[in-house]
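The values are calculated or read from the model by the stated rules, or taken from the named source; none is laboratory data. The shown structure was predicted, so the numbers you read here are calculated from the model rather than taken from an experiment. Methodologically, a virtual Cβ is constructed for each residue, glycine included, from the backbone with ideal geometry; neighbour enumeration extends over all protein chains shown. For accessibility, only protein heavy atoms count, side chains too; no ligands or nucleic acids. Shrake-Rupley method; radii C 1.70, N 1.55, O 1.52, S 1.80 Å.
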Amino acid sequence: MSDETSTLLLCARVGPGCASAFAQWQVRWQTAALAAGALTVEFWPPAPPDQLEVVATARFPAIDALRQWRRGARNRELIDEVGPLVEGGLVMQLVGQAAVDYAVRHGVTMVMVTDIKPGKEPAYRAWADRIQKLQATFPGYVGSFVQPPQHGETGWTTVLRFDSAAHLEGWLKSDARAAMVKESEDLVQGFHAQRIDTSFPGWVPTDPATGKPPNMWKTACLVLLTLFPVVMLELRFLNPHLEELNPALRTFIGNALSVALTTWPLMPLAIYGFHAWLFPENRPRWLVMTMPIVLVLCYVIEIVVLWHLLY
């Protein structure tokens with residue numbers, strides 16, 4: 001746990017005609033945060049056209065103090081109060097090293113793009129406000145933001161954050177969410193979700209059907225399948241030409257080549273070949289069950305083929 005001060009960033013786009021009411025709310029929120037132990041609370045007004053949102057920071061002496069305020073009843077009351085005054089809800093996010101440490105260990109984000117049926121935008125906005133308030137009551141909720149279409153876009157973008165994959169799953173599989181999704185069927189024309197919590201985001205995509213990444217151990221198996229022959233071939237054909245170089249430079253060149261070959265031609269091929277195993281949703285069971293056997297056979301073939309390479 002970091003002993004450094006921790007900062008909470010707040011960002012909101014004030015709705016038309018709500019500037020005065022928001023300013024009054026701002027004073028109440030600032031007063032409450034300072035009373036709860038905040039060292040400083042600062043607000044910056046919008047600066048069109050580059051910045052259309054009000055931005056605020058509340059600096060606390062430690063992450064525990066910030067977390068206690070954020071989860072406290074008074075802060076929740078104030079967040080409920082401001083809901084009707086802002087477009088798309090509030091963005092509230094930790095800032096600084098404590099936020100980085102926490103997000104790397106636990107955070108998970110889901111990005112959803114929703115196409116709304118023509119003429120249903122006001123009803124969808126009201127529905128989005130209600131589901132935001134509902135998901136905020138679930139364990140691990142960090143924050144969310146709904147962005148209406150901008151500059152010719154057609155989809156409404158929602159960014160949803162939870163402190164762990166387990167808590168996000170709890171919300172996604174809840175009966176309360178299922179009921180809300182059912183209610184929105186008359187409003188929604190199309191929907192796409194992408195979950196961002198894979199350890200290999202540049203190599204392995206998420207499942208377009210579920211928005212989830214494949215199991216990490218499956219991804220690791222494919223990395224081993226593609227990286228092993230590259231390293232063996234480098235040891236045989238590249239390293240002898242680099243013997244006069246400094247070991248650090250020699251290793252760097254080898255690693256750079258390995259990463260490049262794995263990232264571009266090899267991992268995409270492996271993902272294509274084992275796609276049914278990585279994403280078994282709605283795939284034939286016999287195909288999913290066969291893929292691990294094929295993978296083991298590929299390992300064996302690589303080992304046999306390269307067995308005498310370094311002798």
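What the table shows:
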quantity: Checklist (1) over 33 Å from the mean Cα position of the chain (by Cα); (2) at pLDDT below 90 applied to CYS221, failing item; calculated: (1)
quantity: Residue in segment 131-145 that is at pLDDT below 75, within 20 Å of the chain's Cα centre (by Cα) and open to solvent by 60 Å² or more (accessible area, probe 1.4 Å) present; calculated: no
quantity: Any hit, segment 5-27, residues being within 16 Å of VAL55 (Cα to Cα), basic (Lys, Arg) and open to solvent by 70 Å² or more (accessible area, probe 1.4 Å); calculated: no
quantity: Restricting segment 84-113 to residues that are farther than 24 Å from ALA165 by Cβ and open to solvent by 20 Å² or more (accessible area, probe 1.4 Å), the residue that is modelled with the lowest pLDDT; calculated: GLU87
quantity: Inter-residue pairs, beta-carbon under 6 Å, first in a strand (DSSP E or B) and in segment 13-24, second open to solvent by 40 Å² or more (accessible area, probe 1.4 Å), 6+ apart; calculated: ARG13/LEU52; ARG13/GLU87
quantity: Filtered residues of segment 182-204 (kept if open to solvent by 60 Å² or more (accessible area, probe 1.4 Å) and either at pLDDT 65 or above or in a loop (DSSP other than H, G, I, E, B) (or both)); calculated: LYS182, GLU183, GLU185, ASP186, GLN189, PHE191, HIS192, SER199, PRO201, GLY202, TRP203
quantity: Members of segment 49-59 that are modelled with pLDDT of 75 or more and in a loop (DSSP other than H, G, I, E, B); calculated: LEU52, GLU53
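To keep it simple, each residue is scored yes or no on (1) under 27 Å from ARG236 (Cα atoms); (2) touching a residue at least 40 places away in the same chain (Cβ under 8 Å); (3) open to solvent by 80 Å² or more (accessible area, probe 1.4 Å); (4) out of contact with any strand residue (DSSP E or B) (no Cβ under 6 Å at 6 or more places or on another chain).
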site: LEU249; (1), (2), (3), (4): yes, no, yes, yes
site: PHE252; (1), (2), (3), (4): yes, no, yes, yes
site: PHE274; (1), (2), (3), (4): no, yes, no, yes
site: TRP277; (1), (2), (3), (4): no, yes, no, yes
site: PRO280; (1), (2), (3), (4): no, no, no, yes
site: ILE293; (1), (2), (3), (4): no, no, yes, yes
site: GLU302; (1), (2), (3), (4): yes, yes, no, yes
site: LEU310; (1), (2), (3), (4): yes, yes, yes, yes
